[in-house]
Amino acid sequence: MKLIYTLPLLLLLAACKPDTSPEPVEEKEIVKKTAPTPAEHDDHSGHSHAEKEAEQGFTLLRDVAYDIVESDVTCEEPVVIEFFAYQCPHCYTLEKHAEEWRVKNEGKVKFISVPTHLGRAEFGAFLLLHEAATAMGILDKVRPALFKRIHDEKRGFTSQDDAIDLLVANGADREVAVATLANEETMKTALDANFKLLSKYKIAGVPTMLVNHKYQFDVTKAGGYEKVFEVVEETLKLPSNCK
């Protein structure tokens, strides 16, 4: 069985020609409920900030750095989901900030990486290796190696052995790596789960962050790469269905 975005292991045999231009995921309309701006909140006197500013002769327009999405998902711990693509240069730039934040918050917040190939089948091997590394518990080592392979080394994978060598070089036992990649049902389940998340939250571009299945934003909305995880910290404090 094959679904859209589900890739046969034979893709590992195809050479990858990295494209440094970011491309959107499927063109889909994003329907979001925008969070109220600070000017819409009332103060203790019963007057809104907008009313008080009008009385003072000026209006200060502001916008929040995230959107609120409709979701019925509940969770037992705070969770941050990053939707990204290995070939996306913006994702590569954000990765150093993401890695610093992950290390700082290990054990405190669950961090989930959801890769997409942006509709480019030649990058399918990177998705498979991401999921294999996740299954073997070595994603923290493999993720930077995959980014480096595309953006610094400018190459993909020429064979399945080539892909397995990368896993072994980053902590995998060779036999376990071969068996993990050969388990098509496990790989398919992981890839399908990623696609369902991309579809559920109507992800139309990467990188996109989703905090506690409720607060969603990208680099532009956050105000820059350096601000992304400041917004993550901010939204983790807001009400949600996650404990």
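The table that follows gives values for the structure above.
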| quantity | calculated |
| --- | --- |
| Condition check for residue 189: at pLDDT 95 or above and crowded, with 21+ Cβ neighbours inside 10 Å | no |
| Within the stretch 158-171, tally of residues that are in contact with a helix residue (DSSP H, G or I) (Cβ under 7 Å, 6 or more places away or on another chain) and in contact (Cβ under 8 Å) with a residue 40 or more places away in the chain | 3 |
| Considering residues of the stretch 70-85 that are among the aliphatic types (A, V, I, L, M) and at pLDDT 95 or above only, the residue farthest from residue 209 (Cα to Cα) | 85 |
| Test result for residue 237, surrounded by 15 or more Cβ atoms within 10 Å (Cβ to Cβ), within 19 Å of residue 63 (Cα to Cα) and of a type in the set (Lys, Arg) | no |
| Residue in the stretch 224-241 that is in contact with a Ser or Thr (Cβ under 6 Å, 6 or more places away or on another chain), closer than 20 Å to residue 76 by Cα and at pLDDT below 95 present | yes |
| Checking residue 222 against (1) in contact (Cβ under 8 Å) with a residue 60 or more places away in the chain; (2) surrounded by fewer than 17 Cβ atoms within 10 Å (Cβ to Cβ), the condition it does not meet | (2) |
| Tally of residues being of a type in the set (D, E, K, R), in contact (Cβ under 8 Å) with a residue 12 or more places away in the chain and either out of contact with any helix residue (DSSP H, G or I) (no Cβ under 8 Å at 6 or more places or on another chain) or under 23 Å from residue 93 (Cα atoms) (or both) across the stretch 183-199 | 2 |
| Among (1) touching a strand residue (DSSP E or B) at 6+ places or on another chain (Cβ under 6 Å); (2) farther than 26 Å from residue 102 by Cα - the single one residue 158 does not satisfy | (1) |
| So residue 175, is it surrounded by 12 or more Cβ atoms within 10 Å (Cβ to Cβ), acidic (Asp, Glu) and more than 27 Å from residue 94 (Cα to Cα) | no |
| Residue match in the stretch 199-215 (condition: part of a strand (DSSP E or B), buried (at least 16 other Cβ atoms within 10 Å of the Cβ) and aromatic (Phe, Trp, Tyr)) | yes |
| Looking only at the stretch 184-218, and only at residues there that are hydrophobic (A, V, I, L, M, F, W, C) and more than 19 Å from residue 231 (Cα to Cα), the one that is farthest from the chain's Cα centre (by Cα) | 187 |
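The values are calculated or read from the model by the stated rules, or taken from the named source; none is laboratory data. Note that the coordinates shown come from a computational prediction; the quantities given were computed from them, not determined experimentally. FYI the Cβ positions are ideal-geometry reconstructions off the backbone, even for glycines, and counts take in every protein chain you see.
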